[in-house]
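In what follows, a structure is listed as structure tokens, so that the remarks can point back to it.
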Amino acid sequence: SIAVKSFYWKAEAKRYAGQEDEAFRIYAQFVEKYPGSELVKGVQYQMGVVYYSNRQLDQAERFLKDALTSADETIRSKGFTLLGEIELSRKQFSSAKNSFEAALNIGGISHELKMRALLGYGASLYYLGNNEEATEKLKEIERENEHFEPNKVNFYLAENYYAMGDFQDAIRRYNNINLSETEIGSQALYGKAYSYFNLKDYDNAAYSFNEFINSFPRDKRIVDASLRLADSYYGSKDYSAASKVYRDLFNAGGGEIENPYAYYQYAQALYKAGNTNEALNEFSNLQKKFPQSDYADESLFTLGWINFQQNDFGKAISAYKNVLNVYPQSLLAPIVYYSIGDSYFNLGKYDSAIVSYQVVMAEYPASNYVFDAVNGIQYSYAAKGDYVKAISFIDQFVSSNPSLSFSDQIFFKKGEIFYSARNYEAAKTSYQEFIASYPNSKLVAEAYYWIGKSAQNLSQNEEAIFNFNKVFESYPGSESAAAAVIEIGNIYNAMFNYDAAINIYDAALEKLSQSSRIAEITYMKGTTLINKKDYAAAYNVFDEVIQYFGKTIFADKSKFELGLIELARENYINADLYFKTLAETHSDELGAEAQYYYGYSLFEQEKTDEAIAALERVRVVFSAYDEWLTKSYLKLGDCYTKLDQIDKAKEMYRVVIGKHRGNVYGQEAQNKLRELQ
């Protein structure tokens, strides 16, 4: 009736005028006076809105739930959406999800309301851990209306990506958020900083944590952000900055900073910043301050480690022993005994070192330090010249621990010990026993390789080739396959059987095309063709190395070989380009060799003054490489002889005689000197 509607619009007029209390009073009278009116549900919704505006959420929820039975789709969709927002604010995420979902299922929902409900639905799913579904719902908002609440949409997308470990996409979304946004600005910057941190992008993490600390100094997470800032500086190796932040935190005090991890990182930062004495003090203080923490025994161990790094092995031993005196059940025991062994080894006390290494193997056979202990025993006995005892100990260990998953790796050490002692027959036998005992081991290919190397050292070429070929044919995927091919090639080259060498290289180039040593094998084929005097074919192979493996050392070695070929053909322009470029880009022996041949080429072209300058550069830049320095002195003598500067020529030859009296270089210089008398 007109009277009912007039009453209703009286309340609406008050609401539009901002007189919510008066509007609410009239709404209440309306519900009481006209309980059967079709307008009641709308009135109940408006009463819920008023309560919501006044943050009286319990009363708001009651009226909104009453309004949900309305026949009007607009009222129902508004009611479900606002109810969902109330439940979301109360962290009732399942209920909120259901309310937003109910709103979205109403066909007549307005576009604006749909966006609100989708945002709430996506947020609820995020808090419930349904990150993939949440991401899809939030992206739906962007597809339908990219201008709707972009800060919140990007925030929840970023948080979902972060939760799924997709830190790059999280950062991209965090960067789209206005950090001045009251509710989410600080959280967005905090999340971005942690995303960089989790990506180990410590420079950007430090920048972001710094920005957070400066922008939100009163935030409850400020201590955590400061700790992560220090950790970020530590991760980017700015140890001075890290130690300063840690120190400032400790000086400020507070319960959050009183944890052993922070003290441990602080001490580490001090050490790595070069403040060794301060670091030693802090590691010691850490153990006293947190004697029951996981870092307590580690801090004492680090005292020993620092002394070891300073070559104070006596102090290191005392510190290591103190770890087990204070914490006899420490999980660090294996590395402690191993480190004591290393300290004794460096003091030359090999018997004491062996005792410590043996403790690791005997008492902690399943630890990760058993292999290192075996190496320590091996080196100790080698230093004593008594490798037989090392072999005996390994035999006892393997016999006592037959079921260990790495027994094969320990057994394999026997062959290494024999090989390093140059007892190649015993090494062969040991590796053969290994193959028989552990036919399924991943080290079988390597065992065949070392049988081949042992036979090669005994000049048993056929046996060596057989075993190397076994590796190549049967274990092409092993790291030893390419090495075996190279050794076969070396043997055939030494026997002048160049065709056989080329055949094995060609087979390897086809079969081992993915090997990291394929450039080397191709280069070896080129040098074999040089030995065969097939210079045209060699030229093509070296050119192939340069073309396909341009960033490897073998490309530069190939350029040098091409330079020699061009020099032999008297194509001096090409030869000089190769030699000069290599000499200017290398400071190693290849550079020295190239510099010498550059001078040699200039000499052959009768550019004597330029040749002298080039050869002098060997003396100035590459004096550490005696072969090429000596050859340069000899060629300098030839240059000065050609210029009729006999005294300088004699001086060059005398330098060689003084350094190489009695060898082929000295004899050559002596002969040239006699010719000048």
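The values are calculated or read from the model by the stated rules, or taken from the named source; none is laboratory data. Remember, it's a predicted structure, so these values are computed and weren't measured experimentally. Virtual Cβ from ideal backbone geometry, glycine too; neighbours counted across all protein chains shown.
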* How do the pairs read when you match residues in segment 416-428 that are farther than 16 Å from Tyr379 by Cβ with residues anywhere that are of a type in the set (Gly, Ala, Ser) and modelled with pLDDT of 90 or more, using Cβ under 8 Å and keeping only pairs 6 or more apart or on different chains? -> Tyr424/Ser454; Tyr424/Ala455; Glu425/Ser454; Ala427/Gly415; Ala427/Ser454; Lys428/Ser454; Lys428/Ala455
* To do: Give the number of residues within segment 225-255 that are assigned to a helix (DSSP H, G or I) and closer than 20 Å to Phe197 by Cα.
  => 20
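Does Gln187 satisfy the criteria of being over 28 Å from the mean Cα position of the chain (by Cα) and within 30 Å of Val223 (Cβ to Cβ)?
Criteria met by Gln187.
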* To do: Among the residues of segment 352-409, count how many are surrounded by fewer than 18 Cβ atoms within 10 Å (Cβ to Cβ), of a type in the set (Gly, Ala, Ser) and touching a Ser or Thr at 6+ places or on another chain (Cβ under 8 Å).
  => 1
* Given the conditions (1) over 30 Å from Lys525 (Cβ atoms); (2) more than 44 Å from the chain's Cα centre (by Cα); (3) buried (at least 21 other Cβ atoms within 10 Å of the Cβ), report the number of the one that Lys631 does not fulfil. => (1)
* To do: Just name the residue that is nearest to the chain's Cα centre (by Cα) out of those in segment 291-323 that are closer than 14 Å to Thr276 by Cβ and small (Gly, Ala, Ser).
  => Gly304
* To do: Collect the residues in segment 652-672 that are over 19 Å from Tyr625 (Cβ atoms) and either buried (at least 18 other Cβ atoms within 10 Å of the Cβ) or in contact (Cβ under 8 Å) with a residue 12 or more places away in the chain (or both), keeping them in residue-number order.
  => Tyr653, Arg654, Ile657, Gln670, Lys672
* Restricted to segment 51-73, and to residues that are more than 19 Å from Lys91 (Cβ to Cβ) and small (Gly, Ala, Ser), which residue is surrounded by the fewest Cβ atoms within 10 Å (Cβ to Cβ)? -> Ala71
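Residue-wise test of (1) at pLDDT 95 or above; (2) exposed (fewer than 15 other Cβ atoms within 10 Å of the Cβ); (3) over 36 Å from the mean Cα position of the chain (by Cα); (4) among the aliphatic types (A, V, I, L, M).
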position	(1), (2), (3), (4)
Ala519	yes, no, no, yes
Lys525	yes, no, no, no
Thr528	yes, no, yes, no
Ala536	yes, yes, yes, yes
Val545	yes, no, no, yes
Phe554	yes, no, no, no
Ala575	yes, no, yes, yes
Thr581	yes, no, no, no
* To do: Kindly establish whether Asn105 is free of Cβ contacts under 8 Å to residues at least 12 places away in the same chain and within 24 Å of Ala60 (Cα to Cα).
  => yes
* Asked: Looking at Lys152, Lys137, which one is crowded, with 20+ Cβ neighbours inside 10 Å and under 22 Å from Ala188 (Cα atoms)?
  -> Lys137
* Whichever residue in segment 272-289 is buried (at least 22 other Cβ atoms within 10 Å of the Cβ) and not charged (D, E, K, R) and, among such residues, is nearest to Lys244 (Cα to Cα) -> Ala279
* Before we move on, is Ser459 of a type outside the set (Lys, Arg) and either in a helix (DSSP H, G or I) or surrounded by 21 or more Cβ atoms within 10 Å (Cβ to Cβ) (or both)? -> no
* Structure fact -> When (1) within 25 Å of Phe468 (Cα to Cα); (2) in contact (Cβ under 8 Å) with a residue 12 or more places away in the chain are applied to Asn503, the one that fails is (2)
* To do: Determine the pairs where a residue that is over 13 Å from Gln595 (Cα atoms), located within segment 623-642, has a partner that is assigned to a loop (DSSP other than H, G, I, E, B) with Cβ atoms under 9 Å apart, the partner being 6 or more residues away or on another chain.
  => Gly637/Leu676; Cys639/Gln645; Thr641/Leu676; Lys642/Glu606
